[in-house]
Amino acid sequence: MSGTLKVRVDPNKCQGNARCKSLAPELFELDEWGYAHEIGDGTVPAGLEDKAWLAQANCPEIAITIDEE
Amino acid sequence: MSSPAPVTDWVHDFDHTDPTWTENPYPIWDELRTKCPVAHTNRFLGVYLPTTYEAVKEICYDTDHFSSRRVVVRSVRPEPPPPAPPITSDPPEHKRAKQILLPLFMPDEVKKLEPRVRAICNDLIDGFINDKSCDAAARYTKYIPIRAVTNMFGIPETDGDLFIKWIHEILELGLHDDTVVMKAVQEMVAYFTVHIEARKKHPTDDLISTLMNARTEDGQPLTDMHVQGALRLLLVASIDTTWSAIGSSLWHLAKTPADRARLIAEPELLPTAIEEFLRAFSPASSGREVMKETTVSGCPMKPGNMVLLAFPAANRDPTIFPDADKVIIDRKENRHIAFGVGIHRCVGAHLARMEMFIAIEEWLKRIPDFRLDPSRPTTWSEGSLRGPRQLPLLLGKE
């Protein structure tokens with residue numbers, strides 16, 4: 001059985017494309033300039049794993065990493 | 001002036017204004033990608049053309065070797081024109097200028113304009129829906145971004161044709177003649193001066209007033225020149241690009257009944273389809289100036305040359321996008337760079353996406369059946385922007 005996923009946005013890479021926020025609003029939010037960061041500590045609730053992978057696969061800046069714990 | 005010689009060698013002598021490129025650039029880029037990932041031409045005083053996803057991205061991220069002080073590839077290279085921050089800014093000034101604009105174009109801010117854009121689309125459709133045919137580029141796709149931006153700026157919608165004239169002069173006619181560009185810029189400065197001065201007496205709640213009231217990080221107001229430059233950027237960058245993107249999307253749907261039917265049956269697919277239209281028909285290429293000697297994808301690049309940053313070519317790179325030449329409206333993995341990457345990522349991206357979404361959604365609701373008019377050709381813009389400038393459609397069932 002696979003473990004829990006954790007998403008993280010690299011603030012040095014994010015340019016505010018907001019693809020992650022649009023595809024997985026449960027996992028990402030935007031700051032006052034529109035740059036994204038993970039919600040809370042980035043833990044992906046059960047059932048949202050596909051959305052996490054989708055967000056990662058659509059970030060043009062390759063700013064999202066997903067760790068499996 | 002005489003027309004430039006037709007291109008016979010795209011690797012060593014490309015020309016992004018050649019009629020073959022204008023008609024259909026995709027086979028040219030496919031050839032270049034396999035033969036030479038960074039092509040070069042002596043035309044336009046020396047320009048490199050990266051066509052792979054990797055090379056385009058690398059140049060975007062390398063602000064040390066590549067400057068944005070010039071972003072349009074032209075055959076004249078006078079002193080850089082008056083700046084239009086942040087698109088013409090390099091680090092460290094860039095960040096300050098961009099942070100002023102970013103909050104105004106956040107997804108939630110842009111969403112507030114949605115009802116207005118929906119009304120604009122329906123008003124335009126009302127104008128031709130009872131005809132059996134229409135030129136969608138002239139009567140629909142052009143006026144959506146014009147009316148959206150004039151609403152944001154708080155300026156008259158009826159000035160739209162003036163904006164189209166300036167943009168045509170700056171991005172097409174002015175490619176070979178600097179006096180045309182300088183005259184257009186002067187006219188724009190005079191135009192916006194009137195609107196800025198009026199707001200000094202009577203502040204409004206539109207984007208022009210917001211920029212006039214903006215403060216930099218150290219609490220300073222923007223100079224009139226900065227406000228002017230930002231307004232020129234927003235005007236020039238928001239109209240032809242979105243006009244092109246909506247037009248190319250409709251062009252595709254006009255000749256692809258299966259995709260039309262699917263988007264009508266599965267409207268929840270539209271946001272994914274819009275991203276695919278942005279990938280497959282990316283409207284804009286940007287430019288950079290090489291400042292220091294460097295090498296990209298094995299190609300030595302020398303200062304004094306420009307780079308034509310062909311985002312549309314990068315987005316057709318088959319090593320990144322399987323079936324890159326096919327439009328797959330439910331493509332799941334889509335790291336397209338239609339809006340650029342790195343610090344110059346298009347500030348208006350969310351506005352453009354919203355306009356595209358509403359424009360296609362409303363069109364399909366009211367005109368589910370349409371096709372290209374076989375008796376009249378679709379024509380495409382010339383230069384660094386690609387989109388239909390005449391898009392004759394037949395409306396209704398065959």
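What to note about this one:
- Candidates are the residues of segment B:289-324 that are within 14 Å of chain A (Cβ to nearest Cβ) and either open to solvent by 20 Å² or more (accessible area, probe 1.4 Å) or assigned to a helix (DSSP H, G or I) (or both); the one that is farthest from B:ARG70 (Cα to Cα) is B:PRO322.
- The strands (runs of 3 or more DSSP E) located wholly in chain A that include 2 or more residues which are loosely packed, with under 15 Cβ neighbours inside 10 Å and away from chain B (no Cβ under 14 Å) occupy A:64-68.
- Total residues in segment B:82-99, condition within 23 Å of A:ALA18 (Cα to Cα) and in a helix (DSSP H, G or I): 6
- Scan of segment B:381-398 for residues that are touching a residue at least 60 places away in the same chain (Cβ under 8 Å), open to solvent by 20 Å² or more (accessible area, probe 1.4 Å) and more than 19 Å from the chain's Cα centre (by Cα), ordered by number: B:LEU394, B:LEU395, B:GLY396
- Top-ranked residue of segment B:1-31 - restricted to ones that are among the aliphatic types (A, V, I, L, M) and outside any helix (DSSP H, G or I), ranked as surrounded by the most Cβ atoms within 10 Å (Cβ to Cβ): B:VAL7
- For segment B:100-136, a residue qualifies if it is among the aromatic types (Phe, Trp, Tyr) and either at the interface with chain A (Cβ under 10 Å from one of its Cβ atoms) or part of a helix (DSSP H, G or I) (or both), and exactly one does: B:PHE105.
- Pairs where the first residue, in segment B:219-238, is of a type in the set (Gly, Ala, Ser) and the second is at pLDDT 90 or above and outside any loop (DSSP other than H, G, I, E, B), C-beta under 7 Å, 6+ apart: B:ALA230/B:LEU101; B:ALA230/B:LEU211; B:SER238/B:PRO145; B:SER238/B:VAL149; B:SER238/B:LEU351
- Out of B:ARG77, B:ARG70, one residue alone is more than 14 Å from chain A (Cβ to nearest Cβ), open to solvent by 40 Å² or more (accessible area, probe 1.4 Å), outside any helix (DSSP H, G or I) and closer than 16 Å to B:MET291 by Cβ. It is B:ARG77.
- Looking across segment B:325-380 at every residue that is open to solvent by 40 Å² or more (accessible area, probe 1.4 Å) and of a type in the set (A, V, I, L, M), the one that is farthest from the other protein chains (Cβ to nearest Cβ) is identified as B:LEU372.
- Segment A:38-64 residues that are closer than 21 Å to B:ILE320 by Cα, paired with ones that are charged (D, E, K, R) and surrounded by 19 or more Cβ atoms within 10 Å (Cβ to Cβ) (beta carbon under 6 Å, 6 or more apart): A:ASN58/A:ARG19; A:CYS59/A:ARG19; A:PRO60/B:ARG335
- When segment B:44-103 is filtered for residues that are among the hydroxyl-bearing types (Ser, Thr, Tyr) and within 27 Å of A:TYR35 (Cα to Cα), the ones remaining, listed by number, are B:THR52, B:TYR53, B:TYR61, B:THR63, B:SER67, B:SER68, B:THR88, B:SER89.
- Residue tally, condition touching a His at 6+ places or on another chain (Cβ under 8 Å), open to solvent by 10 Å² or more (accessible area, probe 1.4 Å) and over 27 Å from B:ALA97 (Cβ atoms), over segment B:45-67: 0
- Among the residues of segment B:196-217, those that are open to solvent by less than 30 Å² (accessible area, probe 1.4 Å) and touching a residue at least 40 places away in the same chain (Cβ under 8 Å) comprise B:ASP206, B:LEU207, B:ILE208, B:SER209, B:LEU211, B:ALA214, B:THR216.
The values are calculated or read from the model by the stated rules, or taken from the named source; none is laboratory data. Everything numeric in this text was worked out from a predicted model, so none of it was measured. Note that each Cβ is placed from the backbone with ideal geometry, even for glycine, and that neighbours are counted across all protein chains shown. Quick note on the areas: whole protein, heavy atoms, side chains included, nothing else; ligands and nucleic acids left out. Shrake-Rupley method; radii C 1.70, N 1.55, O 1.52, S 1.80 Å.
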